[in-house]
Amino acid sequence: MQKNYKVAVVGATGVVGKTALKVLEEKNFPNVSYILFSSEKSAGKKVEFMGKEYIVYELKESSFELGFDYAIFCAGGETSEKYVPIAVENGCTVIDNSSFYRMDPEVPLVVPEVNPEDIKKNKGIIANPNCSTIQAMLPLKPLDDKYTIKRIVYSTYQAVSGAGRYGIEDLEERNDGENLKKFPYSIYNNCLPHIDVFMEDGYTKEEHKMINETRKILHKPDLPITATTARVPVVNCHCESINLEFEKEFDLYDVKILLENYPGIIVVDNPDRELYPLPSKADGHDEVFVGRIRRDFSTKNALNLWVVADNLRKGAASNAVQILEKIFEQNKEN
Ligand SMILES: NC(=O)c1ccc[n+]([C@@H]2O[C@H](COP(=O)([O-])OP(=O)(O)OC[C@H]3O[C@@H](n4cnc5c(N)ncnc54)[C@H](OP(=O)(O)O)[C@@H]3O)[C@@H](O)[C@H]2O)c1
């Protein structure tokens, strides 16, 4: 007999939480019931979900006494820091979208196409990687398996939705000066080389996240990586220029075939017809779009890629729901 699961969605009123609800509706898992949570601010709101009206409840310490099997947290690091341990103590397995637990050695950091086997190592928490890390992992994994990555240079062009609803409002309302809700400068008609806070070494925390999370997911703790992450005036979908050096020689045609055949990747790469990945085309999709695949002639065994994905879907909500789906599949096998 199939088990019934009770799932909490925490942060259901935010941009990632709303996208998670959309993805859960699309998946339409059988025998799953949901309860939606937010902070006090949105508590009591009504949300259309799975064909009916759901009330959003305020998250409290006692909320997990309701006996959840799984929870998807989309409510920021502070909320995860406080409530995830309470959820786990109450027997709930958490898929956490915040960065709070990602680098904890006890917590698997998972992209289902790349390292699904790590899910089984969880002790109650599975972390969803940073949006810019997730989309890079899909093309990097098959290339690393075949040619062994020696060094990575990331340069990102990240959409405002990655900064949540107030980031979107700053762009859409063209906020400047006193009116800014999220960014230190106007993002309208601008480009900010600054995502998350600055660290002592001059990098931003977003850049640290890309470097450390890549090493953790690829199980290569010493891989040389550098990153520059920038916010651009695009509503949704992050773009990344990725420069790779490999230990082994590669054939460009083989690289394209390898990427085309990898699950979750769509190669869009036809310069003759001016075809390459674009945020406007990736929006609303779960696949990672890869193009501008070309040799870097400045050094040995080097490659350039342009990688675009929907940061709210594959970069957050869809990846989390895919982890849940993998868990359901693994439960069936046991
Ligand atoms: N945006 C992205 O592309 C992206 C990608 C990857 C990961 N993430 C991560 O996903 C998380 C959510 O990001 P977001 O962009 O969706 O932010 P957001 O749009 O600002 O939404 C935040 C959500 O968290 C809820 N919340 C805040 N404090 C809470 C509390 N104490 N208890 C319960 N709920 C609380 C809010 O509820 P109210 O409506 O009541 O305020 C809202 O539903 C963050 O950890 C972020 O780093 C985001």
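Quick note: the coordinates plus some simple rules give every number you see, no bench work behind them. Predicted model, so just to flag it, every value in this text is computed and none were measured. A quick note on method: Cβ atoms are made from the backbone with ideal geometry, for glycine too, and the neighbour counts reach across all protein chains shown.
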Give, in nm to one decimal, the length gained when the segment between THR299 and LYS281 is fully stretched (0.36 nm per residue of separation minus the Cα-Cα distance). 3.3 nm
Within the set of other residues whose C-beta is less than 13 Å from the C-beta of HIS219, count the net charge using Lys and Arg as +1 and Asp and Glu as -1. -1
Give me the Å³ per residue figure for the convex hull around the C-alpha atoms of region 132-311. 126
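How much of the pair distance distribution for the chain lies past 26 Å, counting alpha-carbon pairs only, in percent? Can you show the working numbers first?
Values: 26745 of 55611 pairs.
Here the long-distance tail beyond 26 Å is 48 percent of all Cα pairs in the chain.
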Can you compute the helix-only [θ] at 222 nm over the chain? Use -39500 (n - 2.57) per DSSP H run of at least 4 residues, normalise by all residues, nearest 500 deg cm²/dmol. -8500 deg cm²/dmol
Please give the contour-minus-distance gain from ARG292 to GLU200: 0.36 nm per residue of separation, less the Cα-Cα distance, rounded to one decimal in nm. 29.7 nm
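Between their Cα atoms, which of LYS146/LYS326; LYS27/LYS141; LYS6/LYS326; LYS6/LYS121; LYS205/LYS314; LYS181/LYS281 are more than 19 Å away from each other?
Over 19 Å apart, Cα to Cα: LYS146/LYS326; LYS27/LYS141; LYS6/LYS121; LYS205/LYS314; LYS181/LYS281.
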For region 3-147, take the alpha-carbon Rg, divide it by the Kirkwood Rh, and send me Rg/Rh. 0.98
Take the alpha-carbon centre of region 85-111, take the same for region 251-300, and report the distance between them in whole Å. 32
Label-to-label distance, nm, for residues given as LYS220 and LEU180 (7 Å Cα→Cβ offset): 3.6
Of all DSSP beta bridges with both partners in the chain, the antiparallel percent, nearest 5, is 45
Karplus-derived HN-Hα couplings along region 53-66 (A = 6.51, B = -1.76, C = 1.60, θ = phi - 60°), whole Hz, x at Gly and Pro: 8, 10, 8, 8, 9, 6, 6, 10, 4, 7, 4, 7, 5, 5
